[in-house]
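The values are calculated or read from the model by the stated rules, or taken from the named source; none is laboratory data. The structure presented is a predicted model; accordingly, all values stated were derived computationally and were not measured. Cβ placement follows ideal geometry from the backbone for every residue including glycine, while neighbour counts extend to all protein chains displayed.
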Amino acid sequence: MKKIAKQCPIIEQELYREYFKEDTVFLDIETTGFQANYQSCYLIGCMFHRNDHYELVQYFAETEDDEQEMLSCFLDDIITCKTMITFNGDTFDLPFLKKRFEKHNMIFHNELFHSIDLFKVAKKCKNYLHLPNYKQKTIELFLQIHREDLYDGGQLISVYKAYEKDKDPKKEELLLLHNAEDVQYMLPLLNLLEYQKLKEANIQNLTITEPNNALDELFFEAKINCDLPVAISIPLDYCFLKISGNKIIGTLKGTEDDLKYFYKNSKDYDFIINENMILPKLLSQSIPKELKRKAKKDECFALQHGHFLPAINTTKESELYQNIRLFKRTFKDKEQYFLIDFNSLNEDFIAAYIKQIIKSI
């Protein structure tokens, strides 16, 4: 069994300082297959925060017979750790290790660690990232991280099997490089947490430029309390947002239409048959009964012409639309809209609306 240690310089970034503390370990394993009952772990890669440097430590079983010694050495080194950061570790790495420890009559209490699984973080951000898949290397490319390693873990199983027989240093180098980059590049993958923050991000310092009435749209820019390392775009029918670093720019495009505001209590209205209109009962008392009837719910509306934007998250808990009329095309429509006046814009409302758009993605 080999234990290979390498010092790496500290990267001064607030996000890294927040999450990569001295009781934290980055973890990735390499195995001879996916079935922990009868296939083994041959390489464990860890990265620790040691005072003034990071330390990459790899525990390498030169043959499958070395697995127990490797596991024991690994366990000794993580005894003071409280947090584990992995990529898909909750599903694969940690359950696999637990099973291999059990095979050797050893105990690995992975449930005692606080786990940050960056694969789960990435999946939560998929509606912002729009990647073809959420493999580690795909996310690294999005974040502009470039590897030397050209292999995946599955391809290296045969390399390890051959290494067991010939101990070829070049094969060992391939195995160690792949694992080392898996571990080291999880550090910049912490930037995924900035994209996750978008769900609760606040819009600050909003500036609305003059609306383009000819195009029924307004332009804006603002600050956002996230720091995205790679810009993303959010194109929707009614808006376009681009977020880069902590800056957001975009447009909101109103749709010109005739929509209906439905009154809440239809019992307070009569339908005037000859006039094809509704009147409050207080005003229709003098009209003969044969010329009027009770108004139906879908008849109790006021028609409004103007520019509209879709209302996002209109639940009772939402405070955004409490003092705003919401319009529909028909009574049974679930989609609701609000009237936007390009000549009288409330910047606080627009900022809150942009926040709702980002949160709803």
- Query: Among the residues of the range 224-240, is there at least one that is in a loop (DSSP other than H, G, I, E, B), under 33 Å from the mean Cα position of the chain (by Cα), in the same structural domain as LYS359 (by TED's automatic domain parsing) and not hydroxyl-bearing (Ser, Thr, Tyr)?
  - Reply: yes
- Among the residues listed as ALA201, ALA180, ALA231, the single one being surrounded by fewer than 16 Cβ atoms within 10 Å (Cβ to Cβ) and of a type in the set (Gly, Ala, Ser): ALA231
- When you scan the range 169-195, how many residues do you find that are free of Cβ contacts under 8 Å to residues at least 60 places away in the same chain, farther than 17 Å from GLU55 by Cα and acidic (Asp, Glu)? 1
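For every residue, the table says whether it meets (1) within 36 Å of the chain's Cα centre (by Cα); (2) hydroxyl-bearing (Ser, Thr, Tyr).
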site: SER244; (1), (2): yes, yes
site: THR251; (1), (2): yes, yes
site: TYR261; (1), (2): yes, yes
site: ASN265; (1), (2): no, no
site: PHE271; (1), (2): no, no
site: HIS307; (1), (2): yes, no
- Could you tell me whether LYS260 is modelled with pLDDT of 95 or more and closer than 30 Å to LEU143 by Cβ? no
- Task: Within the range 113-165, count every residue that is within 24 Å of PHE240 (Cβ to Cβ) and touching a Pro at 6+ places or on another chain (Cβ under 7 Å).
- Result: 1
- Go through the range 274-319 and count every residue that is without any contact (Cβ under 8 Å) to a residue 40 or more places away in the chain and either exposed (fewer than 12 other Cβ atoms within 10 Å of the Cβ) or over 30 Å from LYS359 (Cα atoms) (or both). 31
- Item | Residues being within 20 Å of PHE20 (Cβ to Cβ), assigned to a helix (DSSP H, G or I) and at pLDDT 95 or above - total across the range 111-123 | 5
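Do we have any residue at all in the range 338-359 that's basic (Lys, Arg) and surrounded by fewer than 17 Cβ atoms within 10 Å (Cβ to Cβ)?
For the range 338-359, residues basic (Lys, Arg) and surrounded by fewer than 17 Cβ atoms within 10 Å (Cβ to Cβ): present.
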- Message: Residues that are of a type outside the set (Gly, Ala, Ser), within 30 Å of ASN205 (Cα to Cα), part of a loop (DSSP other than H, G, I, E, B) and assigned by TED's automatic domain parsing to the domain that holds ASP237: does the range 352-360 have at least one?
- Response: no
- Task: For the range 60-93, name all the residues that are within 15 Å of VAL25 (Cβ to Cβ) and either outside the structural domain of THR24 (by TED's automatic domain parsing) or touching a residue at least 40 places away in the same chain (Cβ under 8 Å) (or both).
- Result: CYS73, ILE78, THR80, CYS81, LYS82, THR83, MET84, ILE85, THR86, PHE87, GLY89, ASP93
- Message: If a residue must be touching a helix residue (DSSP H, G or I) at 6+ places or on another chain (Cβ under 8 Å) and of a type in the set (Phe, Trp, Tyr), how many such residues does the range 242-268 contain?
- Response: 1
- So ILE340, is it of a type in the set (A, V, I, L, M, F, W, C), in the same structural domain as LYS223 (by TED's automatic domain parsing) and modelled with pLDDT under 90: yes
- For the range 94-151 the number of residues that are farther than 29 Å from GLN68 by Cβ and either of a type in the set (Gly, Ala, Ser) or touching a Ser or Thr at 6+ places or on another chain (Cβ under 6 Å) (or both) is 2
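I'd like to check something: does the range 209-220 contain any residue that is among the acidic types (Asp, Glu), under 16 Å from the mean Cα position of the chain (by Cα), assigned to a strand (DSSP E or B) and in the same structural domain as ASP348 (by TED's automatic domain parsing)? Don't jump to the end; show me each part of the working.
From the range 209-220, those among the acidic types (Asp, Glu) are 210, 216-217; that's our starting set.
Keeping just the survivors that are under 16 Å from the mean Cα position of the chain (by Cα) gives none.
The answer is no, given that none of the residues of the range 209-220 is among the acidic types (Asp, Glu), under 16 Å from the mean Cα position of the chain (by Cα), assigned to a strand (DSSP E or B) and in the same structural domain as ASP348 (by TED's automatic domain parsing).
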